[in-house]
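Reading through the structure tokens given below for one structure.
Where a number appears in this text, it was derived from the coordinates with a stated rule and is not lab data. This is a predicted model, so every value here is computed, not measured. Counting neighbours? That spans all protein chains shown, and the Cβs are built from the backbone with ideal geometry, glycine included.
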Amino acid sequence: MQATAWWQRGIIYEVYPRSFQDTNNDGIGDLKGILTRLDYLVELGVDVLWIAPIYPSPMEDFGYDISDYCGLDGIFGTLADFDQLLNAVHERGLKLILDFVPNHTSNQHPWFLESRSSRENSKRDWYLWCDATEDGGPPNNWLSNFGGSGWEWDATTRQYYYHSFLKQQPDVNWRNPSLREAMFDVLRFWLDRGVDGFRVDVMWLLFKDEQFRNNPINPASHEGSPASQRLLPIFNADRPEIHGLVASMRSVLDSYGERLLLGEIYLPINRLVLYYGKDLTGATLPFNFHLIQCAWRADAIAHLIREYEAALPPGAWPNWVLGNHDQPRISSRVGSEQARVAAMLLLTLRGTPTIYYGEEIGMRNVQIPPQEIQDPAEKNEPGLGLGRDPERTPMPWDCSLSAGFTEARPWLPLGEDYTTRNVVNLSRQKDSILRLYQALIRLRRSNEALISGRLEGVVANGNILRYERTDHGQHFAILLNLSHEQEEINLERGRILVSTYLDREDDLFERSVSLRSSEGLIVNLT
């Protein structure tokens with residue numbers, strides 16, 4: 001399949017706006033900060049800027065509890081600031097997509113304030129309300145993803161409402177046609193302003209069982225499991241009705257031309273690919289997070305790639321992700337050396353890659369002192385390692401006191417290594433991970449085989465993951481050593497284009513090639 005659409009050829013870059021660049025010195029990043037760093041994104045070589053939520057919010061869940069879908073929170077700026085940023089993005093030939101959070105609102109959203117005002121209110125059915133059981137308890141056993149019951153008692157109207165996350169984030173009822181149209185109007189509001197698409201938060205959770213049946217016990221759960229994993233979410237996730245809704249969302253976007261609909265979906269591959277929809281009318285790209293969850297071994301990754309490629313519907317375009325604002329950073333998961341190998345993997349697989357801000361400089365999880373923890377996931381279930389603060393810390397731009405991010409105290413602490421692991425320092429080093437990302441992106445841009453070429457021969461040769469990309473006379477082998485030992489692999493002949501060490505360009509070999517510890521190679525076989 002030839003890659004022709006911008007979302008097929010491009011590289012997506014996720015910015016967590018609180019942590020990218022602060023310009024008004026309140027310690028929190030803002031839109032003007034992103035604007036000042038656009039040329040950095042151009043130099044890096046990415047194509048699509050994805051910004052996590054920037055809407056008005058009480059910030060109980062740092063923007064994922066929205067009180068107004070059609071505005072900007074003052075900490076980030078104004079709608080005029082947004083329009084200026086969007087114009088600057090487009091002037092540079094980039095695209096901009098926003099987070100859309102349609103599963104729940106803030107409990108301060110006017111819709112919910114109306115809904116909870118009385119049982120007779122016209123918006124009562126815009127949320128999920130249920131009577132108590134005979135003993136006064138919750139309607140069923142559904143749990144919150146942030147710990148505890150998913151049901152909250154409302155004393156005013158004497159019913160429970162459901163929340164998949166915090167009690168301050170009541171879930172909406174997508175079966176209500178008025179709610180559905182109001183949400184679609186939100187999409188149109190931003191599309192009319194010129195945005196290029198949306199990443200849809202928790203897409204697989206949008207519908208719940210109409211009968212509110214109890215979920216079964218998860219037999220794999222144990223004493224140390226998070227509360228949300230004690231039950232199998234059969235009746236409050238991945239319901240069959242969701243696919244029709246996603247197709248309707250997609251039709252709204254399609255009416256504006258070539259737009260992108262990304263779906264956040266944590267599901268097994270066989271269920272994930274269903275979100276492409278009938279005749280590919282669902283999500284343009286259902287996010288494939290399986291590299292994040294996969295064991296870092298050549299055999300496991302080779303199996304994953306083959307399984308995913310085989311499961312894709314005819315004509316569907318793949319995508320790959322190494323990290324995001326909810327997952328530990330790749331450098332912390334596999335180590336700094338293997339993070340370079342991971343970069344080569346991400347940027348040479350078939351499909352659209354997504355880079356989380358800071359991956360290109362090897363940012364690591366930052367240990368957050370107990371008194372500075374912000375994330376409700378950690379506060380609600382302390383000690384289970386559920387906190388997402390460590391991967392959301394400020395971007396270090398230079399070695400100044402607050403890393404060039406702010407002149408105030410950052411909202412989260414900087415990593416201890418920021419004086420060396422920062423953009424200015426790494427841009428000066430010829431063999432840095434930042435230089436590696438730039439080299440890989442340049443090579444990808446200039447060789448069609450690495451964009452839309454066929455993916456062939458995915459195998460594990462011991463600790464080496466090997467696959468090939470071919471297209472119209474171009475033939476590349478990608479060799480990734482996932483061990484910390486030197487490895488050798490038989491290969492008839494070739495010329496090395498890029499090593500993750502950035503020191504073997506144009507090296508020729510015959511019969512075999514050696515890979516150093518944690519080395520990846522892109523080899524021209526033509």
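Pull up all non-local amide H partners of Asp507: gap of 5 or more, or a different chain, and H-to-H distance under 5 Å with H placed in the peptide plane.
Hits under the 5 Å cutoff: Ile496.
I need the phi-derived Karplus couplings for segment 128-140: 6.51 cos²θ - 1.76 cosθ + 1.60, θ = phi - 60°, integer Hz, Gly and Pro marked x.
9, 10, 9, 6, 6, 6, 4, 8, x, x, x, x, 7
With +1 on the Cβ of every Lys and Arg and -1 on the Cβ of every Asp and Glu, and nothing else charged, how large is the dipole of segment 454-524 about its Cα centre, in debye rounded to the nearest 20? All intermediate terms of the calculation are to be shown ahead of the outcome.
On the way: 8 positive and 13 negative charges, 33 e Å.
For segment 454-524, the charge dipole is close to 160 debye.
If you take the charge dipole of the chain about its Cα centre, with +1 on Lys and Arg Cβ and -1 on Asp and Glu Cβ, which of Phe100, Ile11, Gly520 is farthest toward its positive end?
Selected residue: Gly520.
More than 14 angstrom separation, counting every C-alpha pair in segment 184-268; what % is that? Intermediate results must be reported in sequence, preceding the final value.
Working: 2484 of 3570 pairs.
Distances greater than 14 Å cover 70 percent of the Cα pairs.
Considering Cα pairs under 8 angstrom that are at least six residues apart, work out the relative contact order of segment 110-162 and quote it in whole percent.
Details: 76 pairs, mean separation 17.1, N = 53.
Relative contact order of segment 110-162: 32 percent.
Which percent, nearest 5, of DSSP beta bridges in the chain are antiparallel?
65
How many percent of the alpha carbon pairs in segment 454-524 exceed a separation of 17 Å?
Numbers: 918 of 2485 pairs.
Distances greater than 17 Å cover 37 percent of the Cα pairs.
With unit charges on the beta carbon (Lys/Arg positive, Asp/Glu negative), name the residue among Gly137, Thr157, Leu312 whose Cα is farthest towards the positive pole of the charge dipole of the chain.
Leu312
Scan around Asn463 for amide H atoms under 5 Å from its own, H built in the peptide plane at 1.01 Å from N, and keep only partners 5 or more places away or cross-chain.
Here the answer is none, since no amide H 5 or more places off falls under 5 Å of that of Asn463.
Leaving out same-chain residues fewer than 8 places away, which lysines sit with a Cα under 29 Å from that of Lys167?
Correct list for Lys167: Lys123, Lys208, Lys379.
With the calculation restricted to Cα positions, what are the radius of gyration and Dmax of the chain in angstrom?
Rg then Dmax for the chain, in Å: 23.5, 79.
Using a cut-off of 22 Å between alpha-carbon atoms, which lysines can reach Lys95, once sequence neighbours fewer than 8 places away in the same chain are excluded?
Lys32
Could you derive backbone 3J(HN,Hα) for segment 310-318 from the dihedral phi with the Karplus parameters 6.51, -1.76 and 1.60 (θ = phi - 60°), listing whole Hz in sequence and x where the residue is Gly or Pro?
5, 7, 4, x, x, x, 6, 9, x
When only Cα pairs under 8 Å and 6 or more residues apart are kept, what is the percent relative contact order across segment 33-190?
Numbers: 248 pairs, mean separation 30.3, N = 158.
It comes to 19 percent, rounded to a whole number.
Hey, if you put +1 on the Cβ of every Lys and Arg and -1 on every Asp and Glu Cβ in segment 298-376, which of Ala339, Tyr356, Gln371 ends up farthest toward the positive end of that dipole?
Result: Ala339, furthest along the dipole toward the positive end.
Treating the beta-carbon of each Lys and Arg as +1 and of each Asp and Glu as -1, no other charges, what is the dipole magnitude of the chain about its Cα centre, to the nearest 20 debye?
Numbers: 51 positive and 71 negative charges, 176 e Å.
Roughly 840 debye for the chain.
Please compute the modelled spin-label separation between Glu485 and Ile373, points set 7 Å along Cα→Cβ, answer in nm with one decimal.
4.0
Show the residues, 5+ positions off or on another chain, whose built amide H is closer than 5 Å to the amide H of Leu143.
Placed amide hydrogens put Gly150 under 5 Å from Leu143.
Computed over the Cα atoms, what is the radius of gyration of segment 110-162 divided by 2.2 N^0.38 Å, N being its residue count?
On the way: Rg = 11.3 Å, N = 53, 2.2 N^0.38 = 9.9 Å.
Taking the Cα Rg and dividing by 2.2 N^0.38 Å, one obtains 1.14.
To the nearest 20 debye, what charge dipole does segment 110-162 have about its Cα centre, counting +1 at the Cβ of each Lys and Arg and -1 at the Cβ of each Asp and Glu?
Details: 5 positive and 8 negative charges, 37 e Å.
With only Lys, Arg, Asp and Glu charged at Cβ, the dipole is about 180 debye.
If only Cα atoms are counted, what is the Rg of segment 343-413, and what is its Dmax, in Å?
15.0, 43
Compute the relative contact order of segment 242-338 as a whole-number percentage, counting only Cα pairs closer than 8 Å that sit 6 or more residues apart in sequence.
Numbers: 105 pairs, mean separation 24.0, N = 97.
So the answer I get is 25 percent.
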